Amino acid sequence: MNRATTSRALIGLVALLATAACSGSLPWTADMVETPARHADEGLLMPPEGSLSTTGEVKQSRFRAAMSLRNPLPGDTATIESGARLFEIYCQPCHGAAGQGDGAVASYFTLRPPADLTGTKVRAQTDGYIYATIRDGGGSMPPLGGSLSETERWAVVTYLRSLQQ
């Protein structure tokens, strides 16, 4: 092959690859179309059974947490005040100052409004279930496990129980 033929073949190959890349037919060009990402309405993924926690806390579903977790904090004034401060920051925008689901942003949740935390449904839930909901989120509620420590989550549960009285 002479030099001109080699140049034409190389230009043809580059043109073929450029056309294939523009049409999205190369395997690495479809990554953004066929993504393994989960949609928000698919729920949260729980860690595989038997996996070890990086925080020392054993992750479990809300239903398992309802049966196995107990609030280790005393229901004293200091714990309730600490929970009230955290509730004001993390919960009040959606659930409102009295926890009745009438916070400043509650009107934006048309499909699933924030829960009335003082109602009979939440009153019937165990502390462990509420704790796990704060940690992992639920419905429209985002998970707060990365923002609140274990002790802080339990303080919010303690304050919530004081609101229900």
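The values are calculated or read from the model by the stated rules, or taken from the named source; none is laboratory data. Since the structure is predicted, the reported quantities are computational estimates derived from the model, not experimental observations. When we count neighbours, we look across all protein chains shown, and the Cβ atoms used for this are built from the backbone with ideal geometry, even at glycine.
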Would you check which residues across the stretch 87-109 are closer than 25 Å to residue 69 by Cβ, touching a residue at least 24 places away in the same chain (Cβ under 8 Å) and more than 18 Å from the chain's Cα centre (by Cα) and list them? 99
Which condition number does residue 79 fail, the rest of (1) over 22 Å from the mean Cα position of the chain (by Cα); (2) among the polar types (S, T, N, Q); (3) at pLDDT below 95 being met? (3)
Of the residues 112, 70, which is assigned to a loop (DSSP other than H, G, I, E, B), of a type outside the set (A, V, I, L, M, F, W, C) and without any contact (Cβ under 8 Å) to a residue 40 or more places away in the chain? 112
Mind counting the residues in the stretch 73-86 that are touching a residue at least 12 places away in the same chain (Cβ under 8 Å), closer than 21 Å to residue 146 by Cβ and part of a helix (DSSP H, G or I)? 3
So residue 153 ticks every box in (1) under 20 Å from residue 69 (Cα atoms); (2) touching a residue at least 60 places away in the same chain (Cβ under 8 Å) but one. Which box is left unticked? (2)
Criterion (in a loop (DSSP other than H, G, I, E, B) and either in contact with a Lys or Arg (Cβ under 9 Å, 6 or more places away or on another chain) or more than 19 Å from residue 81 (Cα to Cα) (or both)) met by exactly one of 132, 98, 104: 104
